[in-house]
Structure formats: C-alpha cells, structure tokens
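Here's the structure we're looking at; comments come further down.
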Amino acid sequence: MYPVRGSLRWRSISALRPRRSSNSRCNSTERWVDAVRQIITGFDATQHFFANHSAEVDGDRAVDTRYMQARHQLGTEHYTVGEYYTGHMVRTPQGWRIARYKLTVTFSDSDRRLMGMAYRKAKSAV
C-alpha cells in the first residue's frame with residue numbers, strides 16, 4: 001500500500017481525460033480530475049493493480065480493456081474492488097486520447113461507504 005499525497009501527476013491525468021464519461025456529474029476535465037483527486041487523496045493509502053490489458057486497433061480508433069483490483073485504506077478499515085475498464089480511444093495529432101470509457105465492477109468487499117468518507121475527509125482538508 002502506498003500513501004497517496006503527492007504521488008500522482010494530476011496534469012498528466014487530465015491530458016488523457018475522456019471527452020465523454022459515463023459519469024454525468026463530471027462533464028469537464030477539471031471537474032473529473034478534481035473528483036478523482038478528492039476521493040483518492042482522502043485515503044490513508046491505496047494500491048491499484050492493472051492486468052490483462054488488451055487493445056483492438058482499427059485505424060485511428062481502438063478499444064482498450066484492462067482489469068483492475070484496487071484496495072483503499074482509511075484508518076483500520078479498507079475497501080477492495082475488482083473491476084474492468086473499457087476505453088474507446090481516438091488517435092489525434094497530439095496522440096491517443098480517451099473518447100469515452102466505462103467502468104464495470106465485478107466484485108467488492110468491505111464497506112463501500114469509505115469512498116464517501118475519503119471524499120469528505122479530503123474536501124474538509126482544503
């Protein structure tokens with residue numbers, strides 16, 4: 001498990017941000033990055049494992065599938081989730097970008113409410 005403060009390059013993440021997201025509350029790059037930052041930085045530690053990447057390329061479009069298991073620690077409690085991402089990519093003059101994505105949860109354990117608790121913790125620290 002790794003502490004999360006200062007360990008991510010938020011500008012790099014925003015450069016890859018989807019133009020469209022399945023999360024209608026995050027309809028701009030800045031709002032999406034801020035929402036992710038607020039949740040992740042509220043945890044004491046997180047660890048994300050990605051595996052079984054696959055990409056089907058068709059000219060300037062591609063579909064990327066990747067599986068992930070993430071553990072989030074807050075105090076002595078944790079929340080673990082297994083999921084996979086399906087990303088629809090588009091090649092632009094600036095390189096490959098995410099056109100849209102979908103997150104599908106396949107399993108979870110412990111208390112999902114920790115996600116909201118971490119968000120509130122990070123928000124109150126600002």
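So, R0 is 30 Å and r is the distance between the beta-carbons of Thr65 and Ala125; what FRET efficiency does that work out to, to 0.05?
Numbers: r = 35 Å, r/R0 = 1.17.
Given R0 = 30 Å and the Cβ-Cβ separation, E is 0.30.
Shape of the stretch 29-82 from its Cα gyration tensor (a ≥ b ≥ c, root eigenvalues): rounded if a/c is under 1.5, otherwise prolate when a/b > b/c, or oblate?
Numbers: a/c = 5.00, a/b = 1.70, b/c = 2.95.
Oblate.
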*Shape call for the stretch 59-126 from the C-alpha gyration tensor, a ≥ b ≥ c root eigenvalues: rounded (a/c under 1.5), prolate (a/b greater than b/c) or oblate?*
oblate
*Pulled fully out, how much extra length does the chain show between Ser108 and Gln47, if you take 0.36 nm times their separation in residues and subtract their Cα-Cα distance?*
20.5 nm
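Values in this text are rule-based calculations from the coordinates and carry no lab data. Because the structure is a prediction, the values reported are computed rather than measured. Backbone-built Cβ (ideal geometry, glycine too); neighbour counts: all protein chains shown.
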